[in-house]
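Encoded as structure tokens, here's the structure I'll be asking about.
The values are calculated or read from the model by the stated rules, or taken from the named source; none is laboratory data. Values in this document were obtained by computation on a predicted structure and should not be read as measured data. FYI the Cβ positions are ideal-geometry reconstructions off the backbone, even for glycines, and counts take in every protein chain you see. All accessible areas refer to the heavy atoms of the entire protein, side chains included, with ligands and DNA or RNA removed. Shrake-Rupley method; radii C 1.70, N 1.55, O 1.52, S 1.80 Å.
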Amino acid sequence: MSKTGVQRLFRLLWAPAILLTAFTTQAELSITQGSASSVGDSQKATTPEWIYTLRPGESYGQVAGELLAPGYSAARLLQYNNIEKSSAIAEGDSIRIPLSWLKRQPDPARVTTVSGSVQLISSADGRKLPLTSYTLIRVGDEILSGSGSATIALADGSEVRISPDSRLIFNRLTQYGKSGMVDTRLRLHKGEVHTRVKPVIEGGARFEIETPSAVAAVRGTVFALQTSVNGTSLQVTEGVVDFGSPGKTRRIPAGYSASVSTTSNTGLSIRRLPPAPEVNPIPATLTKLPAPVSWAPSQAPRHRLDIFESDSGRWVESRKLDGSEFKLSMLDNGDYEIHLAALDSRGTAGMPAVIPFEIDLQAQSASLVAPAAGGVANDDMPEFRWSLNGQNEVARVEIAEDDSFRELVTTSEWAPETSALPLRPLGPGQYYWRVVTEAGGNSVAISETRTLVVNGSLPPVRIISVNYVDSQVRVFWEKVRTAREYRLQLSEEPEFQNIIKEAKLADTTAALRLIPGRRYFVRLKALSDGPLTSRWGPGRELYLE
């Protein structure tokens with residue numbers, strides 16, 4: 001048998017003994033069986049280790065370079081594993097690596113959603129900046145939620161939702177090379193956070209939230225944490241959390257709450273959470289709003305209802321409710337989750353009932369009421385009226401100079417109303433108007449189009465410039481927004497008694513051929529559809545030498 005074959009057989013024969021030693025001396029260390037051997041002395045057996053298995057296409061040298069911290073060489077790792085040459089390691093073989101040898105690097109978190117007023121205090125320069133989606137959160141950064149809320153995604157996929165009026169500092173955001181292990185430590189000075197933590201890798205990974213009165217160490221769970229000057233409270237809905245005063249923690253399982261008080265010496269108080277409410281079924285897809293959500297009456301004095309976007313985790317709404325019903329309204333189209341929990345006499349939320357649902361609203365075309373088609377307005381701020389044919393809709397008026405609406409003259413504000421004024425006055429002329437309705441944030445419908453003439457006098461046309469090129473003169477003038485076309489007159493005297501040329505033009509420029517050495521005068525007037533008066537602009541002298 002070749003030397004490589006002997007080494008592989010040796011590693012396989014020793015694997016059970018290695019595993020037995022590891023589990024005996026490191027009870028919480030997660031060990032994966034591999035084909036790499038290890039030394040058997042007691043010092044290495046008690047060293048916290050991580051095992052990496054080579055994947056297809058990976059080389060030992062590449063993996064060692066990506067995983068090991070400075071000062072630890074690939075050759076030293078071979079020696080630690082009792083392997084003579086790196087060529088003896090192939091796809092599927094495993095390498096034992098002491099945790100202290102792994103490369104550690106900062107791994108920023110990322111803001112996924114922000115609602116309302118939330119600020120970021122940068123650890124780099126101490127500046128306060130508005131928190132926005134996709135902002136990177138680095139070690140030492142601090143979030144002040146004020147009246148808003150935010151959702152933060154950590155590098156390992158864990159999620160932290162920050163409630164209003166909270167202050168959270170990111171003390172450590174560390175990744176162990178490409179091992180998948182992270183070390184995350186947060187400090188909640190005040191307020192409330194809801195977390196969903198990915199299962200951590202035992203022996204190296206860590207997720208911990210510290211408050212002024214307690215610490216919560218997490219292995220993979222869903223929990224909420226609140227802290228104030230009176231103490232810290234915890235509610236665990238999935239998994240387990242080690243919680244309590246520093247150095248005095250106890251393991252709290254799902255379905256229980258725990259609290260540490262700063263105003264008494266009662267120590268750690270543990271209670272069973274109120275059970276999840278019995279929620280009456282709602283349709284999986286809601287096509288109309290408002291829509292009622294109801295649940296069976298209980299002994300709980302109140303209930304807490306939270307609504308989250310399923311994809312982004314954005315905290316849409318949070319309410320404390322009396323009674324046993326709530327009406328969903330003003331939600332955009334998308335997938336959501338309702339989390340409904342009973343509140344006990346201390347205000348602690350119990351186990352949540354989670355109800356997924358989808359909003360799929362379709363906008364309906366509005367029916368125009370006034371002005372009538374072809375109507376005439378004597379006011380430069382006419383009122384537009386319509387009726388809505390859908391539910392939970394907002395609408396606005398759009399006004400343009402042509403029926404394609406490529407360029408809007410003005411609009412009204414978006415609102416759930418059936419009448420509106422334009423945002424700016426309308427000059428005299430003919431306009432096209434329509435009403436656009438929107439439902440669910442992404443469903444849009446458009447009404448019929450009507451014309452409207454705003455009475456008045458069109459402004460005089462002012463000539464901007466005149467260019468002379470050989471025997472040709474080009475005249476340029478200002479555009480009148482509501483003009484359909486322009487009338488040009490050319491005369492040899494400034495009173496325009498004798499018109500030698502007259503033309504209608506759609507553009508705002510014209511070319512004229514003149515006889516050199518003679519003086520001419522040109523003027524323009526804007527023309528529009530409808531019963532509108534118009535005035536001539538001032539004349540301009542033309543002279544071609």
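Going residue by residue through the stretch 192-206, is there one that turns out to be small (Gly, Ala, Ser) and within 21 Å of ARG346 (Cα to Cα)?
no
Applying the selection to the stretch 339-354, what residues are part of a strand (DSSP E or B) and either without any contact (Cβ under 8 Å) to a residue 40 or more places away in the chain or over 17 Å from ASP322 (Cβ atoms) (or both)?
Result: HIS339, ALA353, VAL354.
Limited to the stretch 417-458, what total is found for residues that are touching a residue at least 24 places away in the same chain (Cβ under 8 Å), closer than 30 Å to SER329 by Cβ and not polar (S, T, N, Q)?
Residues that pass the stated criteria total 15.
Shifting gears a bit: Can you tell me which residues in the stretch 450-480 are among the basic types (Lys, Arg) and under 15 Å from THR509 (Cα atoms)?
If the condition is that a residue be among the basic types (Lys, Arg) and under 15 Å from THR509 (Cα atoms), then ARG462, ARG474, LYS479 are the ones that fit.
Still on this structure, I have one more. Quick one: in the stretch 365-397, which of the residues that are of a type in the set (A, V, I, L, M) and closer than 17 Å to ARG424 by Cα is surrounded by the fewest Cβ atoms within 10 Å (Cβ to Cβ)?
Ranking the qualifying residues of the stretch 365-397, first place goes to MET381.
I would also like to ask the following. Tell me which residues, restricted to the stretch 410-442, are touching a Leu at 6+ places or on another chain (Cβ under 7 Å), at pLDDT 95 or above and in a strand (DSSP E or B).
THR410, THR411, TRP433, VAL435, THR437
Answer yes if at least one residue in the stretch 344-359 is modelled with pLDDT of 95 or more, of a type in the set (D, E, K, R) and open to solvent by less than 70 Å² (accessible area, probe 1.4 Å), and no otherwise.
Yes, the stretch 344-359 has at least one match.
Now for a separate question. If I filter the stretch 197-214 down to residues being part of a loop (DSSP other than H, G, I, E, B) and under 27 Å from the mean Cα position of the chain (by Cα), which single residue comes out as modelled with the highest pLDDT?
Among them, the one singled out is VAL197.
Identify the single condition in (1) more than 30 Å from LEU305 (Cβ to Cβ); (2) free of Cβ contacts under 8 Å to residues at least 40 places away in the same chain; (3) of a type in the set (Phe, Trp, Tyr) that TYR176 does not satisfy, given that it satisfies every other one.
Every condition holds for TYR176 apart from (2).
Ok, one more. Among the residues of the stretch 321-338, how many are open to solvent by less than 30 Å² (accessible area, probe 1.4 Å) and in a loop (DSSP other than H, G, I, E, B)?
1
Taking the stretch 444-493 as the region of interest, how many residues are assigned to a strand (DSSP E or B), closer than 30 Å to ALA366 by Cβ and charged (D, E, K, R)?
Residues flagged as assigned to a strand (DSSP E or B), closer than 30 Å to ALA366 by Cβ and charged (D, E, K, R) within the stretch 444-493 amount to 1.
Which of (1) under 22 Å from THR348 (Cβ atoms); (2) of a type in the set (S, T, N, Q); (3) assigned to a loop (DSSP other than H, G, I, E, B) does SER318 not meet, given it meets every other one?
(3)
Residues of the stretch 76-120 being surrounded by fewer than 19 Cβ atoms within 10 Å (Cβ to Cβ) and closer than 20 Å to THR174 by Cα, which ones?
Within the stretch 76-120, PRO98, LEU99, SER100, LYS103, ARG104, GLN105, PRO106, ASP107, PRO108, ARG110 qualify.
I'm trying to understand the selection: among the residues of the stretch 127-165, which are hydroxyl-bearing (Ser, Thr, Tyr), open to solvent by less than 60 Å² (accessible area, probe 1.4 Å) and without any contact (Cβ under 8 Å) to a residue 60 or more places away in the chain?
Matches in the stretch 127-165: SER133, THR135, SER145, SER158.
Go through the stretch 24-112 and tell me which strands (runs of 3 or more DSSP E), entirely inside it, have 1 or more residues that are at pLDDT below 80 and not polar (S, T, N, Q).
Counting at least 1 such residues, we get 49-53, 104-106.
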